[in-house]
Amino acid sequence: MPELHISDEVRAVIGDEAAARESARPLTRALCTSCGQRLDGTVNLQVRTDGKQTRTEHVHATCAPSAVLPLTGSLTTAAEETMHLVLDVLDHGGAALPVLIAQTAGTVYEFRGPDTDLTDAVTAKLLAAGFTLISRVRQAPRPAEEWIAVLLLGHGPAGEDGLLVLEPDGAQFYGGAVVIPDGWLAAVARYGWGVLYVGEVGLPHLPPEPKARLKALREAAQAGRLVGARIAVGGPPSPTGDMT
Ligand SMILES: [Zn+2]
């Protein structure tokens, strides 16, 4: 089990109550913000603050100290964090549904003062955007309107496939290379959508088997650390502006 270390400097910023809450959090599937690897051994709590807003992050003790750092950029834009994403076709109560599983490297919390709760900033943003807190991986969650995953087949420098996940305002939630597993495109063609799950599921270190991924999703759901939504999946816009 990872063991959390909070320096006096960090404790002075977040307060004793938040420090206690942080210490009680399970970190077994969270990732180090510095190196992107799963947290283990001694873990340092860092805070980033601009004097008004503060967020906490977790790093290996061997990667960085428990320190107070300047906050730059947006607090809640997941696209600015390193994002891991895999595609799979997973059983949902007998239906084989196309899924996209995403996890940010590092758990990012919003913290607005000693009297407020630490809020997982990415999760809070997704819930506000129509995502559902997942308690069981059985039925597809309701759709998040105007979110879209855009497949870029063979567009990479070495012909690899790419994927963009775009938010309603066009902001990029994810952009990068993906491996498209057997049956995924057929499942998307059948349903016209995929289920985007976001949470602490242990990517990118999960074994790439559907069984292991389903188990990790279920564990994250039971722990209240998984949100999801159906999102549209399409190709790049054609010259006429239609989605292919
Ligand atoms: Zn690390």
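Between A67 and S23, the distance separating the two model label sites (each 7 Å from Cα on the Cα→Cβ line) works out to 2.4 nm.
In a fully extended conformation the segment linking A177 and E145 would gain 9.1 nm over its present Cα-Cα distance, using 0.36 nm per residue. Rounded to the nearest Hz, the phi-derived 3J(HN,Hα) couplings of region 131-147 under the Karplus curve 6.51 cos²θ - 1.76 cosθ + 1.60 (θ = phi - 60°) are 6, 10, 6, 8, 9, 9, 8, 9, 10, 5, x, 5, x, 9, 4, 6, 7, where x marks glycine and proline. Work through the residues other than P204 whose Cβ is under 12 Å from its Cβ and net out their charges, Lys, Arg +1 and Asp, Glu -1. Residues near P204 contribute +3 overall.
Gaussian network model of the chain, Cα springs within a sub-10 Å range: biggest mean-square fluctuation belongs to which of A221, A19, A158? Result for the chain, Cα springs under 10 Å: A158 fluctuates most. Set the Förster distance to 35 Å, then compute FRET efficiency between C35 and S135 from the Cβ-Cβ distance, nearest 0.05. FRET efficiency, C35 to S135: 0.65.
Is the chain best put as rounded, prolate or oblate by its Cα gyration tensor, with a ≥ b ≥ c the root eigenvalues, rounded for a/c under 1.5, and otherwise prolate when a/b is larger than b/c, oblate when not?
prolate
Less than 5 angstrom separates the built amide H of V178 from those of D161, G162, L163, all sequence-distant by 5 or more or on a different chain. Mean residue ellipticity at 222 nm, helices only, the chain: -5000 deg cm²/dmol; runs of at least 4 DSSP H residues each add -39,500 (n - 2.57), and the sum is divided by the number of residues. The calculated FRET efficiency for H205 paired with D169, based on their beta-carbon distance and R0 = 41 Å, is about 0.80.
If you take all other residues with their beta carbon under 12 Å from the beta carbon of L39, and give Lys and Arg +1 and Asp and Glu -1, the sum is -1. Couplings 3J(HN,Hα) of region 35-40, computed from phi: 10, x, 8, 4, 6, 7 Hz, in residue order, whole Hz [Karplus 6.51 cos²θ - 1.76 cosθ + 1.60, θ = phi - 60°; x for Gly and Pro].
Taking every DSSP bridge with both residues inside the chain, close to 75 percent are antiparallel.
Between E9 and A212, take the C-beta separation as r, use R0 = 30 Å, and let me know the FRET efficiency to the nearest 0.05. So, using R0 = 30 Å, E works out to roughly 0.15. With a ≥ b ≥ c the root eigenvalues of the C-alpha gyration tensor of region 1-73, is it rounded (a/c under 1.5), prolate (a/b larger than b/c) or oblate? Oblate. Between L152 and Q222, full extension at 0.36 nm per residue minus the direct alpha carbon distance yields a gain of 21.8 nm.
Here, each number is a calculation from the coordinates, and none is a lab measurement. Treat the numbers as computed from the prediction; the structure is a model and nothing was measured. Here the Cβ is made from the backbone with ideal geometry for all residues, glycine too, and neighbour counts use every protein chain on show.
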